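Have a look at the structure below, then the notes.
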Amino acid sequence: MLTKCEGIVLRTNDYGETNKIITLLTREHGKIGVLARGAKKPNSRLSAISQPFLYASFLFRKSSGLGTLEQGEMIESMRHIREDLFLTAYAAYITELIDQGTEEKKPNPFLFELLLQSMRRLDDGTDPDIIANLIEVKMLSVMGLYPELDECVHCKSKDGTFHFSIRDNGFICHRCFAKDPYRIPLSPASARLLRLFFYFDLSRLGNVSVKQETKDELKRVIQTYYDEYSGIYLKSRRFMEQMDNMKKMLGDENKS
């Protein structure tokens, strides 16, 4: 049976000498894999639509296992991402996180829209650190993880200075700091952004300017939390960190 749907390419894997297996996140069917016969050939009609991060309309033959891709039509190429090594690193990280954090064939229109909006934001020049952090926090609930970001995990207070307790899975206020000596310090700005990322839609996010110190705090909390609770290891994380370090080095050279 032929099925048509919109999808975003999460990853591609070579299969045999000329074929590719393409993993798509689709609005209608969730995450699926399709076999693109001959897609490794330069003159293949499937070659152009099997590029990472591409947003396209796909026509494939459905089966109980891998579907077979028949044809596709590009909707958005995300060209700026693929032409920029730094943006490619962030996009690869985001797509791998969504790939590893989701099960196959479970439709999630919210997640599809989240990925599409994140690719568009990266492509149009929005701060990639903020986009990556927002996706990381949004993916927690998709994976069944719900840190307490509304109030102190101990006394339920909603005001004061908050740090983050990895052990206790959420915010801990200054009155309860003694309960977790290993809590991670947070500035008020970082605490607000964590809560914002968890609850707000990406489409409602305006132009956010975030200090490097705040980014570093967010990165420490989010990555430590993922290491403790998610159970996933992302190969692209190291690549993204290398690109991030290179970007900082280039920034320091420009200042001097």
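The values are calculated or read from the model by the stated rules, or taken from the named source; none is laboratory data. Since we're looking at a predicted model, the values are computed, not measured. Glycine gets a Cβ as well: all are built from the backbone with ideal geometry, and neighbour counts include every protein chain shown. Quick note on the areas: whole protein, heavy atoms, side chains included, nothing else; ligands and nucleic acids left out. Shrake-Rupley method; radii C 1.70, N 1.55, O 1.52, S 1.80 Å.
Structural remarks
- The sole residue among V153, V208 that is farther than 19 Å from F53 by Cβ, β-branched (V, I, T) and touching a residue at least 24 places away in the same chain (Cβ under 8 Å) is V208.
- So F239, is it open to solvent by 30 Å² or more (accessible area, probe 1.4 Å), under 21 Å from L115 (Cα atoms), free of Cβ contacts under 8 Å to residues at least 24 places away in the same chain and hydrophobic (A, V, I, L, M, F, W, C): no
Okay, residues lined up against (1) crowded, with 16+ Cβ neighbours inside 10 Å; (2) touching a residue at least 40 places away in the same chain (Cβ under 8 Å); (3) not in a helix (DSSP H, G or I):
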{"position": "N43", "(1), (2), (3)": "no, no, yes"}
{"position": "F58", "(1), (2), (3)": "yes, yes, yes"}
{"position": "Q71", "(1), (2), (3)": "no, no, yes"}
{"position": "H80", "(1), (2), (3)": "no, yes, no"}
{"position": "T95", "(1), (2), (3)": "yes, yes, no"}
{"position": "S118", "(1), (2), (3)": "yes, yes, no"}
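- For P128, the conditions (1) open to solvent by less than 50 Å² (accessible area, probe 1.4 Å); (2) within 23 Å of K20 (Cβ to Cβ); (3) modelled with pLDDT under 95 all hold with the exception of (2).
- No other residue among K31, K4, K106, K20 is in a strand (DSSP E or B) and loosely packed, with under 15 Cβ neighbours inside 10 Å apart from K4.
- Given (1) exposed (fewer than 12 other Cβ atoms within 10 Å of the Cβ); (2) of a type in the set (A, V, I, L, M); (3) closer than 22 Å to S118 by Cα, index of the condition M249 fails: (3)
- Restricting the stretch 45-56 to residues that are without any contact (Cβ under 8 Å) to a residue 40 or more places away in the chain and surrounded by fewer than 19 Cβ atoms within 10 Å (Cβ to Cβ), the residue that is farthest from T95 (Cα to Cα) is R45.
- Any hit, the stretch 110-132, residues being aromatic (F, W, Y) and over 18 Å from L194 (Cβ atoms): yes
- Looking only at the stretch 182-199, and only at residues there that are more than 18 Å from L145 (Cβ to Cβ) and surrounded by fewer than 18 Cβ atoms within 10 Å (Cβ to Cβ), the one that is nearest to the chain's Cα centre (by Cα): R192
- Within the stretch 211-228, the set of residues being assigned to a helix (DSSP H, G or I) and either free of Cβ contacts under 8 Å to residues at least 60 places away in the same chain or open to solvent by 80 Å² or more (accessible area, probe 1.4 Å) (or both) comprises Q212, E213, T214, D216, E217, R220, V221, Q223, T224, D227, E228.
- Filter result for L85 (of a type in the set (A, V, I, L, M), more than 27 Å from R238 (Cα to Cα) and either open to solvent by 10 Å² or more (accessible area, probe 1.4 Å) or at pLDDT below 90 (or both)): no
- Condition met for S141 (in contact with a helix residue (DSSP H, G or I) (Cβ under 6 Å, 6 or more places away or on another chain), free of Cβ contacts under 8 Å to residues at least 60 places away in the same chain, in a helix (DSSP H, G or I) and among the hydroxyl-bearing types (S, T, Y)): no
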